[in-house]
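Peer 1: What follows is a single structure, and I will ask about it in a moment.
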Amino acid sequence: MDAQGRRLQPRRARHPHPLRALATAALVALAWLPAGCATLVAGRIVEPPPSALRPSELVQALERAGSTLETLDRAGEPRIAYAVIEPGDHRLWYEYRADGGRWSWRLSYRKPVPAMPPRGTVVLLHGWSTSLATSLPWALAYAERGWRAVLVDLRNHGRSGKAPSGYGAREAADVGALVDALEAAGRAPAPRVVHGVSLGAVVALHVAADRADIAAVVALEPYANAADAVRTGFPGVVNDATEWLVDEETMALALARASRRLELDLESLDTRPVLARVEACTLLLQGQRDTVVPVEAGRALEGANPRAQRLELPWDGHFSTVGRLDLLADPVVGWLELATTAPATCPSFVVYAWTPQDGLRGVLESPWRWW
């Protein structure tokens, strides 16, 4: 009863309307998503997703080339996995195809018979989120033409150990330690060359800037600034359902978080001063259709070093440029031979006439077939 003697009715519990509850949950999710996505992106910047190649497939691929996976173990430093491809007749056959905006490649090879003394050593460095397996076609092309090829898994990639990424300098220290170990074992005869792709290209420039024993550099698709490369190259790392959430603000937050975790400033990691310190003849190659490292960003490297030559492939992009062995293998090796035998004046890089990408079939065959 109330004060007037009326019977009180029990009050019904108030439940939020289903649409109101859904709207509230959505607002909470939207408030969390920028921070959550930034954490996701930062994690990928710090540690790339693993390569899809199974270890057994890598072992089989190396065995067909007469090689095995080896490791360099150092106290307090990450394990570095690598493989050595010996020069000789591998009966390499490589096909590049491009049709309808898509490209693909096929290759066949065998153990080198006969083997031959190496004319020098090429160290091959792969791109971000891949492994040394992607360097195998180039390694075989070099080996067919007389060079000992050393394929390297960068830290946090392939079978190498985990350690803070450096987007250049830290990885270069690992590569330098491996070169020293191979040299001490008599397995890295001079002249020594570094060949890198994307992240590996920047690492190659760091290696050459830090070492006087590097005779030449081949850098495919290098980036000028680490943070800019992350901004343009990140799409596709997260799945399609969340990719649209990575806006400029989220990416800036992710880069800041990744920089703190790595204890370096990704925004200030500029390749130009590194390239300026390289004394070896350097070849920079980039596809004009590159969207991962836009060609305008690659052009920022021009003029950084008078001993560096930069060339653009008008029909190729970030990944297909690396696949153009049919177009590049023989000219690159010819350029290396001149650059390493008469390094006082760096030679001009001359490549075959350009051909459109669509509808193209290019084949690279073993030079041993010509003899």
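Peer 1: V333 versus (1) part of a helix (DSSP H, G or I); (2) in contact with a strand residue (DSSP E or B) (Cβ under 6 Å, 6 or more places away or on another chain); (3) of a type in the set (V, I, T): which is the lone unmet condition?
Peer 2: (2)
Peer 1: A further question follows. Take the conditions out of contact with any Pro (no Cβ under 7 Å at 6 or more places or on another chain), assigned by TED's automatic domain parsing to the domain that holds D326, in contact (Cβ under 8 Å) with a residue 60 or more places away in the chain and not charged (D, E, K, R) and apply them to A75. Does it pass?
Peer 2: No.
Peer 1: While we're looking at this one, here's another question. Being aromatic (F, W, Y), assigned by TED's automatic domain parsing to the domain that holds S160, part of a loop (DSSP other than H, G, I, E, B) and over 21 Å from E183 (Cα atoms) narrows it down to one residue among W105, W138, W128; which is it? Spell out how you get there, then give the answer.
Peer 2: Details: W105 fails: part of a loop (DSSP other than H, G, I, E, B); W138 fails: part of a loop (DSSP other than H, G, I, E, B).
Within the list W105, W138, W128, the selection yields W128.
Peer 1: When you look at A149, is it under 24 Å from P87 (Cβ atoms) and outside any helix (DSSP H, G or I), yes or no?
Peer 2: Considered against the rule, which asks whether it is under 24 Å from P87 (Cβ atoms) and outside any helix (DSSP H, G or I), A149 comes out as yes.
Peer 1: Let me ask another. Is it true that some residue in region 282-289 is modelled with pLDDT of 95 or more, in contact with a Lys or Arg (Cβ under 6 Å, 6 or more places away or on another chain), closer than 20 Å to W138 by Cβ and of a type outside the set (V, I, T)?
Peer 2: yes
Peer 1: When you check L154 against the structure, is it surrounded by 24 or more Cβ atoms within 10 Å (Cβ to Cβ) and touching a residue at least 24 places away in the same chain (Cβ under 8 Å), yes or no? Walk me through how you get there before you give the answer.
Peer 2: On the way: surrounded by 24 or more Cβ atoms within 10 Å (Cβ to Cβ): yes; touching a residue at least 24 places away in the same chain (Cβ under 8 Å): yes.
Answer is yes for this residue.
Conditions tested, residue by residue: (1) at pLDDT below 95; (2) in contact with a Lys or Arg (Cβ under 7 Å, 6 or more places away or on another chain); (3) among the aromatic types (F, W, Y); (4) not assigned by TED's automatic domain parsing to the domain that holds P343.
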{"position": "L205", "(1), (2), (3), (4)": "no, no, no, no"}
{"position": "I214", "(1), (2), (3), (4)": "no, yes, no, no"}
{"position": "L220", "(1), (2), (3), (4)": "no, no, no, no"}
{"position": "T232", "(1), (2), (3), (4)": "yes, no, no, yes"}
{"position": "D240", "(1), (2), (3), (4)": "yes, no, no, yes"}
{"position": "W244", "(1), (2), (3), (4)": "yes, no, yes, yes"}
{"position": "D247", "(1), (2), (3), (4)": "yes, no, no, yes"}
{"position": "A252", "(1), (2), (3), (4)": "yes, no, no, yes"}
{"position": "R260", "(1), (2), (3), (4)": "no, no, no, yes"}
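Peer 1: On to the next question. Which of the residues that make up region 324-335 are crowded, with 22+ Cβ neighbours inside 10 Å and either out of contact with any Leu (no Cβ under 8 Å at 6 or more places or on another chain) or within 21 Å of W128 (Cα to Cα) (or both)?
Peer 2: Hits for region 324-335 are R324, L325.
Peer 1: For residues in region 164-187 being over 17 Å from the mean Cα position of the chain (by Cα) and in a loop (DSSP other than H, G, I, E, B), which is surrounded by the most Cβ atoms within 10 Å (Cβ to Cβ)?
Peer 2: Per the criteria, the residue is R187.
Peer 1: Can you confirm whether S135 is among the hydroxyl-bearing types (S, T, Y), modelled with pLDDT of 95 or more, closer than 19 Å to P87 by Cβ and under 18 Å from the mean Cα position of the chain (by Cα)? So that I can check it myself, show each step before the final result.
Peer 2: Values: among the hydroxyl-bearing types (S, T, Y): yes; modelled with pLDDT of 95 or more: yes; closer than 19 Å to P87 by Cβ: yes; under 18 Å from the mean Cα position of the chain (by Cα): yes.
Yes: the conditions hold for S135.
Peer 1: Does region 275-282 contain any residue that is in a strand (DSSP E or B), in contact (Cβ under 8 Å) with a residue 60 or more places away in the chain and out of contact with any helix residue (DSSP H, G or I) (no Cβ under 6 Å at 6 or more places or on another chain)?
Peer 2: Among the residues of region 275-282, at least one is in a strand (DSSP E or B), in contact (Cβ under 8 Å) with a residue 60 or more places away in the chain and out of contact with any helix residue (DSSP H, G or I) (no Cβ under 6 Å at 6 or more places or on another chain), which makes the answer yes.
The values are calculated or read from the model by the stated rules, or taken from the named source; none is laboratory data. None of the values given here were measured: they were computed from a predicted structure. Heads up, the Cβs are rebuilt from the backbone with ideal geometry, glycines too, and the neighbour counts pull from every protein chain shown.
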